[in-house]
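Colleague: There's a structure below that I have some questions on.
Values quoted throughout were computed directly from the atomic coordinates according to the rules given, and no laboratory measurement underlies them. Bear in mind that the values here come from a model prediction, so they are computed numbers and not experimental data. Cβ: placed from backbone, ideal geometry, glycine included. Neighbour counts: every protein chain shown.
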Amino acid sequence: MRAFALSLAVALLSACGPSSKLDDTFYVRSRGADMPVWVRGDLSTSNVMLVLISGGPGGPGIFFADSPGFVRLSKKYGVAFWDQRLSGSSTGTAGVETLTLDQYAEDLDAVVQVLKQRHGDPKIVLLGWSWGGMVGTAYLSSAARQQGIAGWIDLDGVHSSPSAMSLARAWAMARARERVAQGQDVEKWNAELAWYDAHSPLSMADMVRHGQNVAALGGSIRHPEKDPGIGSAWMNFSGPFNGMLTMSNQATVLAEAMKEGSAMNQAMLTDQTGALPSLTLPSLLLWGEYDGQVPLAHGQEAFQKLGTPADRKSLVVMPDAAHGSLLDQPDGFAAAVEGFADGL
Amino acid sequence: MRGSALLLAIMVATPSWARGEEIATANPAVDRSRLGVMASYFGETGTHPGLAFGVDYGLLRIGEPHELFARGQLGSYLHPRLYWGAFAGGELGWRSTASFGLRGELALGFAYLHTLLASPVYEVGSDGRARASTDFGRPNVMPSISFGAGWDLGRRTGVPLAVMLRPMVFWQLPVNHAALLHAAGLLSFTYSL
């Protein structure tokens, strides 16, 4: 009877959330920020730990732990989901003046050091998505830090916001013209084209309207039905995730990003193209064919300028995916990451 | 909010004769002590478990069904892996009870909330090594609004017990220099002494 009750309890608990061999939560404290990290997955065969540097800026990392792509990757690798300072469920006393690229890189270094000490020095693979590309590039531009990293996955990541914004503006205008030519919402898209004509180049303050246009034109997500939205009920009610805090933090960081002259604004507008040749580690660049937020041309530039030898870097274009094949094509995303990580 | 706390303190500290209040005596089931003890399940988002204990004091009854009340409460809840919160404070509210026992209430509260991280904390030293760090927690204030619906069993059975389901919203501030909204659900049992 006791055995039955125990089995039932285990079965019920398993049904409540994705099962995982590694299940470790800790905080990293760095310059006033207490940042949660949730490690899931399995290191036993691969000894590879993927570290998600999520986008935004201000977006959560832990939120994506139960997205299908990462659930699949968690069966083979360790995956560390990190909530950056003033993002996700991070708390502490850190002020908005600490939202600098150098500080993000220092925070990431602390996360990497704790992961190495706590999990037996696994091979660390950084996975920077969107804004995470900026943080990853800043981190890896230090030769000493790069030595401790086994691989770099650039998932629709930014290395230069001015360049990415210029490409995104051109992408949105081209798609808007297509809509006009097809007779779809002609008045709306003509008005938006006029707005773009009056906003060249785009400033950070323009990013809300521009972002809405890109989303409406299918450049954010191709398959909205796959968007996790506010996350699963399990994540909201039982996981190490605070939905209200995540939304509040994201609003704070985005407001800072749009505030001219703020630390976050300066971080966003940094051009790190010049740092790319110093990145010589094995790299996978994974881009959505229809990415309108950070268009494919940005990935092609990164691929050309990376210092990694040609036989150790690859650019994979995901068909039928926009900004983040993680959401649009979770299996294709996971397969590409597996192909890269297994070769390290 | 400071005004509510001050009003609460004055009303708790003022003896009933000084307030000149009338205690209903028509129904013996109602004419019991104004003092009760309360135990609650406190679930932040409903599912982050906690408990709260308190005292409930009827400050002023107007006729049989209506009562102004004050509560003092101590409680704690856990958001697994993220943080543990402990709070102490008071509520001032209004409740009405139908003759057959159905009860509704509305309360405003104010508390001190202390939160501690519920997972190990690490810092990296100047030598590049990670070390465990101690968390002394964060001080917060916790204003709240709660609604309640339930049953005063004393009206029918004579058992001086009320059972209430109380949805609550509360704010935790400051959190990252802002006020963070929370929702909670309480299941409260109040025993009149």
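Colleague: Taking neighbour counts of Cβ atoms within 10 Å as a proxy for exposure, in what order, fewest first, do A:R175, A:R312 appear?
Modeller: A:R312, A:R175
Colleague: Equivalent-ellipsoid semi-axes (√(5λ), Cα gyration tensor) for the protein assembly as shown, whole Å, largest first? Numbers along the way, then the final one.
Modeller: Numbers: eigenvalues 531, 144, 96 Å².
Ellipsoid semi-axes (Å, largest first): 52, 27, 22.
Colleague: Would you list A:W195, A:W189 from fewest to most Cβ contacts within 10 Å?
Modeller: By the 10 Å Cβ count, ascending, the order reads A:W195, A:W189.
Colleague: Among B:78-88, A:46-56, B:97-107, how do they line up from the highest to the lowest mean number of other beta-carbon atoms within 10 Å? Write out the running numbers ahead of the final one.
Modeller: Working: B:78-88: 20.5, A:46-56: 23.8, B:97-107: 15.7.
Ranked by mean Cβ neighbours within 10 Å, highest first: A:46-56, B:78-88, B:97-107.
Colleague: Given the options A:D331, A:D24, A:D83, state which has the largest fluctuation in a GNM of chain A using a 10 Å cut-off (strictly under) for Cα springs.
Modeller: Of A:D331, A:D24, A:D83, the Gaussian network model singles out A:D24 as fluctuating most.
Colleague: If you average the C-alpha positions of region A:209-249 and of region B:89-110 separately, how far apart do those two centres end up, in angstrom?
Modeller: Computed from Cα coordinates, the inter-centre distance equals 38 Å.
Colleague: Just to be sure I follow the rule: in the protein assembly as shown, considering lysines 8 or more places apart or on different chains, how many pairs have Cα atoms under 19 Å apart?
Modeller: 9
Colleague: With each label point set 7 Å from Cα along the Cα-Cβ vector, what nm distance links A:K116 and B:T134?
Modeller: Going from the A:K116 label point to the B:T134 one covers 2.8 nm.
Colleague: Follow-up. Count the DSSP beta bridges whose two residues both fall in chain A, then state the antiparallel fraction as a percent rounded to the nearest 5. Spell out each step's value before the answer.
Modeller: Numbers: 17 of 42 bridges.
The antiparallel fraction comes to roughly 40 percent.
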